There are 2 protein chains.
Amino acid sequence: MLTHSKSAKSDGPLTEALAHSGLRLTPQRQQVHEVLREKMDHPTADQVFMRAKHKMPEISMATVYNCLDALVTCGLVRQVTLDRGATRYCPNMQDHSHFYCDECGSVYDILQTISPEDADIKLPRGFRLKNIETNLHGLCPDCAAKAK
Amino acid sequence: MLTHSKSAKSDGPLTEALAHSGLRLTPQRQQVHEVLREKMDHPTADQVFMRAKHKMPEISMATVYNCLDALVTCGLVRQVTLDRGATRYCPNMQDHSHFYCDECGSVYDILQTISPEDADIKLPRGFRLKNIETNLHGLCPDCAAKAK
DNA sequence: ATTGTATTTAGAATAGTTCTAAATCTTGAC
DNA sequence: GTCAAGATTTAGAACTATTCTAAATACAAT
Ligand SMILES: [Mn+2]
Ligand SMILES: [Mn+2]
Ligand SMILES: [Zn+2]
Ligand SMILES: [Zn+2]
């Protein structure tokens, strides 16, 4: 089993990003981040928990939530809320939007966004716009094929 | 107290929209819709419940959820999910987007949207785009003033 | 009036998330 | 190295939002 210090050294960028927010790199945080990068299907906390348990059977649900929060706090992970259900998590920090399949609920990264300038949004006096979140709704390739 | 048939007659459009989905206009459904139109601040189910109780003290939480679902089903109300918290409801069926104040959580209608053509979104092969949901994030006038 | 269906209701059940407090780990001062 | 302070993990309780269940009520059609 990897020691904390060894595994920490092997992931400099993570260590730094966490340190910037006054947080440490721990095996659990590293594992959670790894799980997210391995399969970028925008899993829920519960899915992250189940995947993380394979390599780290002792990990708890509370820790998964703590780690996800820590990673979000230090800007390594984005939260994605698209429907009533559980929050999903995305380790892709490039500016991108999400395609949500209304049929099966799957989520895909779309490497294209609408910038506040592009959109030419006219807001009533006093509002201060920070960023635009664009969610594309429709059918994923699988569901589109089945719908035919 | 108004009888069912009398109140139903006074709201033709509601009756029709519901009938189109095989649903009836009931005093509860009418009340819930009225609450939403009275203050279009995108209340949660719980807020709708509390407001509806003033004029209809017997109404139950389950009924509020049932009514909201019925109104959504027949296209009279939109669901709005912007954060981890409770779903919000919007009776404005014009095409519009939402401004979400990241500070205080208030939600405003913005009568401007980004059409699939405008956006010129290039999706990978197979995806079928139905509509674009645009959520504007930033500070509302009150919070922007305080932040200065 | 009677019957079948839709709706409402209270409360139980469930899902997702956050909180709590104890145990463990890490870091830094000595 | 030892020790203390603080950070992190953990299990489980608590909490919030939502859905489900089953009985009561209301309605519409015969
Ligand atoms: Mn993503
Ligand atoms: Mn709205
Ligand atoms: Zn799909
Ligand atoms: Zn605000």
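To the nearest 10 degrees, how steeply does helix A:27-38 sit against the main Cα axis of chain A, on a 0 to 90 scale? The angle comes out near 40 degrees. Taking chain B as a Gaussian network of alpha-carbon nodes connected by springs under 10 Å, the highest mean-square fluctuation of the residues B:Leu76, B:Leu23, B:Leu111 belongs to B:Leu111. Distances between equivalent label points of B:Glu117 across the copies, with each point positioned 7 Å along Cα→Cβ, amount to 2.5 nm, shortest listed first.
Label-to-label distances for A:Arg24 across copies, nearest first, come out at 6.5 nm, using points 7 Å from Cα in the beta-carbon direction. Helix B:61-73 and the longest principal axis of the C-alpha atoms of chain B enclose an angle of approximately 60°.
Where does the protein assembly as shown land at 222 nm, in deg cm²/dmol rounded to the nearest 500, when only DSSP H runs of n ≥ 4 count, each adding -39500 (n - 2.57), divided by all residues?
Numbers: 14 runs with 124 residues, N = 296.
Using -39500 (n - 2.57) per qualifying helix, the result is -11500 deg cm²/dmol.
Counting only other chain Cβ atoms within 10 Å of each residue's Cβ, the peptide A:132-142 averages 6.
Pull out a ≥ b ≥ c, the square roots of the eigenvalues of the alpha-carbon gyration tensor of chain A, then state rounded if a/c is under 1.5, prolate if not and a/b is larger than b/c, and oblate in the remaining case.
Numbers: a/c = 2.45, a/b = 1.40, b/c = 1.75.
Oblate.
Taking beta carbons within 10 Å but only from partner chains, what does the mean come to for residues A:28-34?
On the way: counts 0, 0, 0, 0, 0, 0, 0.
What the average comes to for A:28-34 is 0.
Annotation for B:Met40, label-to-label distances across the other copies: 3.9 nm (shortest first, one decimal, point 7 Å from Cα along Cα→Cβ). Placing dummy labels 7 Å off each Cα toward the beta-carbon, the span from B:Asp102 to B:Lys55 is 3.8 nm.
Roughly how many debye, to the nearest 20, is the charge dipole of chain B about its Cα centre, given +1 on each Lys and Arg Cβ, -1 on each Asp and Glu Cβ, and no other charges? Please list the in-between numbers first.
Working: 18 positive and 18 negative charges, 77 e Å.
For this selection, approximately 380 debye.
Considering only A:Asn131, A:Asn92, A:Asn66, the mean-square fluctuation computed in a Gaussian network model of chain A, springs between alpha carbons under 10 angstrom, is largest for A:Asn131. Cross-link partners of B:Lys55 among aspartates and glutamates, defined as those whose alpha carbon lies under 18 angstrom from its own and excluding same-chain residues fewer than eight positions apart: B:Asp11, B:Glu34, B:Glu38, B:Asp46. Calculated over the protein assembly as shown, the projected area of the Cα convex hull averaged across directions stands at 20.0 nm². For the stretch B:8-80, the alpha-carbon coordinates run over 28, 26, 21 Å along the three principal axes, in decreasing order.
How charged is the neighbourhood of B:Ser97? Take every other residue with its Cβ under 9 Å from the Cβ of B:Ser97, and add Lys/Arg as +1 and Asp/Glu as -1. The partial results should precede the final answer.
On the way: positive: none; negative: B:Asp95, B:Asp109, B:Glu133.
For residues surrounding B:Ser97, the net value is -3.
Using Cα atoms only, what is the angle between the long axis of helix B:45-55 and the major principal axis of chain B, expressed in degrees (0 to 90) to the nearest 10? The angle comes out at about 30 degrees.
Within the set A:Lys130/B:Lys146; A:Lys148/B:Lys122; A:Lys53/A:Lys146; A:Lys130/B:Lys148; A:Lys39/A:Lys148; A:Lys148/B:Lys130, which residue pairs have Cα atoms separated by over 23 Å? The partial results should precede the final answer.
On the way: A:Lys130/B:Lys146 16 Å; A:Lys148/B:Lys122 21 Å; A:Lys53/A:Lys146 34 Å; A:Lys130/B:Lys148 15 Å; A:Lys39/A:Lys148 28 Å; A:Lys148/B:Lys130 15 Å.
The answer is A:Lys53/A:Lys146; A:Lys39/A:Lys148.
Considering only C-alpha atoms, what is the centroid distance from the stretch B:77-105 to the stretch A:66-96, in Å? Rounded to whole Å, the Cα centres lie 20 Å apart.
Scoring B:134-141, A:77-84, B:27-34 by mean Cβ neighbours within 10 Å over their residues and listing the highest first yields B:27-34, B:134-141, A:77-84.
Every number in this text was worked out from the coordinates using simple rules, so none of it is lab data. These numbers were taken from a predicted model, which means no experiment stands behind them. Virtual Cβ from ideal backbone geometry, glycine too; neighbours counted across all protein chains shown.
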